[in-house]
Amino acid sequence: MNFTGKVAIVTGGAQGIGKAYANALLNIGMKVCVCDILEEQAKKFIESLPTEQRNNIIFQKCDVSSFAEFKNAFDKVISAFGRIDMLVNNAGIMNEKNFQKVIEVNILSNSPPSAVVHQHIINAHFQVQTWLGNHLEPQEKGWILRNEFLEPIKTVLLPALGGLEPCFLAPVYCATKHAVVGLTKSFGHEYHFKKTGIKVNAVCPGPIETDLSRTFTEKTIDAEEAKKFIASLTTIKPEEVAKALLQLLQDDKNGAFIRIDFKGLRYA
C-alpha cells in the first residue's frame, strides 16, 4: 500500500512514542502535523530531521483537552497540506494521585456545548467526526476532501497494554485504557465504517523506554511496590512500537488490536 502524500495528525508527537510514530510515518512518505504542548521539544525534533523531510512536517502547539485548540490544529493541517487522512491519538496522562484529571483527560468527552474535547477516548468519534466531517463529504467509495478523492480515513487509537491486561498499581489509568479498547471495538464495527468510512484500530504496547515509564513509580498508588514491579519488566524502545503502527496500516485492518512487547508483534 502506498502512503506517499497522505497526511497524519500525531498528538503528543514531540517526544517518546509520538515522536517515533511521526518519524515512521515520515519515512513512508507521509506528511505529519505534530500536536503537542511541548513546543521546544517539538522544534528540536523537527530540526533534527533530514532537510528533505522538514517540508513534510509542521508543529501546532495544542492541548488536546481544549476544543478550540484541537479545532485550530485541524484547520492548520488543512491549510498547510489540504487534507487529513489519519489521526494518531497518542497524547495522554497517568497519575493515580490525581485520578479525576486522568479520567477527565483520558475518558471524558463531550458534545460541542461543553467546549472541551478530551484525548484518548472519544477522539475516535467526536474529534474525527466533528473536524474531519467539516472538511469531508462521504461518497459511495471513500471520501472527498475539497474535491480530492481519498481512501477511507484511518484513525488509530493508541491504548497501552493496560487496555488488555490489569494494572494493579495504576487502576484508574488502566480503566481509561480499557475504555479505549471498548470504544475501538465498537467504533471499529462494520456498521460505523459503512456510515463514516473511518477505520478505528489500536496499538497496545507493553512497557516502553519513555519519560512516562521512567516516572511511573511516583504516579502509582504505591511507589515502593512500583519500583519492584518496574525492575521486573523487559522494556522495548519507542521505535519498536512504531513498527506496530506501520504493520497495522499495511494490513489495512478495522477494529483491530496489535500488541507489541518484548515477545514481538501479534494481533490480540
Legend entry - Residue check, Q127 surrounded by 20 or more Cβ atoms within 10 Å (Cβ to Cβ), in contact with a strand residue (DSSP E or B) (Cβ under 9 Å, 6 or more places away or on another chain), modelled with pLDDT of 85 or more and of a type outside the set (V, I, T): no
Inset, instruction - May I ask you to list the residues in region 226-249 that are out of contact with any strand residue (DSSP E or B) (no Cβ under 7 Å at 6 or more places or on another chain) and modelled with pLDDT under 90? - result: A226, K227, K228, F229, I230, A231, S232, L233, T234
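For region 45-64, give me the residue count where each residue is surrounded by 12 or more Cβ atoms within 10 Å (Cβ to Cβ) and within 13 Å of A22 (Cβ to Cβ).
Going residue by residue through region 45-64, those that are surrounded by 12 or more Cβ atoms within 10 Å (Cβ to Cβ) are 45-46, 49, 53-54, 56-64.
Filter again for within 13 Å of A22 (Cβ to Cβ), leaving 45-46, 49, 53-54, 56-60.
Adding up the residues that qualify gives 10.
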Inset, instruction - Identify, by number, the condition in (1) out of contact with any strand residue (DSSP E or B) (no Cβ under 6 Å at 6 or more places or on another chain); (2) within 19 Å of I84 (Cβ to Cβ); (3) not in a helix (DSSP H, G or I) that S65 doesn't meet. - result: (2)
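Taking V172 as the residue in question, decide whether it is touching a Leu at 6+ places or on another chain (Cβ under 8 Å) and surrounded by 18 or more Cβ atoms within 10 Å (Cβ to Cβ).
Values: touching a Leu at 6+ places or on another chain (Cβ under 8 Å): no; surrounded by 18 or more Cβ atoms within 10 Å (Cβ to Cβ): yes.
The answer is no for V172.
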Inset, instruction - Would you check which residues across region 214-229 are assigned to a helix (DSSP H, G or I), of a type outside the set (F, W, Y) and buried (at least 17 other Cβ atoms within 10 Å of the Cβ) and list them? - result: T217, K219, A226
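Residue by residue through region 1-19, note down the ones that are farther than 19 Å from V64 by Cα and crowded, with 22+ Cβ neighbours inside 10 Å.
Step one: filter region 1-19 for residues farther than 19 Å from V64 by Cα, giving 1-6.
Of everything in region 1-19, just one residue is farther than 19 Å from V64 by Cα and crowded, with 22+ Cβ neighbours inside 10 Å, namely K6.
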Legend entry - Count of region 28-57 residues which are more than 19 Å from A73 (Cβ to Cβ), touching a residue at least 24 places away in the same chain (Cβ under 8 Å) and not in a loop (DSSP other than H, G, I, E, B): 1
Inset, instruction - Could you look through region 230-251, keep only residues that are more than 16 Å from T210 (Cα to Cα) and of a type in the set (A, V, I, L, M, F, W, C), and pick out the one that is surrounded by the fewest Cβ atoms within 10 Å (Cβ to Cβ)? - result: L246
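The values are calculated or read from the model by the stated rules, or taken from the named source; none is laboratory data. A quick note: this is a predicted structure, and the numbers were derived from the prediction, not measured. Neighbour counts are summed over all protein chains in view; Cβ atoms, including those assigned to glycine, are modelled from backbone coordinates with ideal geometry.
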